[in-house]
Structures are given as C-alpha cells and as structure tokens.
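Visitor: After the structure tokens below, expect a handful of questions from me.
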Amino acid sequence: MRKFDPWPVFFKREWNRNWPFLTGFAITGALITKFTAGLTEEDAKNSRFVQEHNRRSFLIDQTIHLR
C-alpha cells in the first residue's frame, strides 16, 4: 500500500499563500540590482549617502584609535 506524501500538498498550499511576497521580493531585488550595477565611482563620490557613511566610519576609526 502506498503511503501518503504530504509534501506536494504542503508546497501547493504555501505557494498559494506566499507567491505575492516572493514575486514582490524578486522584482524589488532585480530593480535594486539593475540600478546599483549602473553606478560608477564618480556617482559614489558625489553621493550624500556615501559621503555621510565615510565620515561616520572615519569618526568611529578616530575614536577607536584614541583608546
């Protein structure tokens, strides 16, 4: 006698519940990858975000060396 295999039922139910999240996650990841792959070093130098983080890491490094 063949045993019941619950995995196909489980995956079908979970796919039906989670496909919107998984699809949105895939699309968002693809867009972020596409936009960030086109950035150059010049874009990074002109970015306020990168400049702020470089300054913070510099300040953190300075406080670590003072100890």
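Visitor: Based on the mean of other beta carbon atoms within 10 Å per residue, what is the order of 35-42, 49-56, 2-9, most packed first?
Guide: Details: 35-42: 8.4, 49-56: 10.9, 2-9: 6.9.
Ranking, from highest mean packing down: 49-56, 35-42, 2-9.
Visitor: Can you tell me the length gained on complete extension of the stretch V50 to L31, counting 0.36 nm per residue apart and subtracting the Cα distance?
Guide: Length gained, V50 through L31: 4.8 nm.
Bear in mind that the values in this text are calculations on the coordinates, not laboratory data. If you're wondering where the values come from, they're calculated on a predicted model, not measured in any experiment. Every residue, glycine among them, receives a Cβ derived from its backbone with ideal geometry; neighbour counts consider all protein chains shown.
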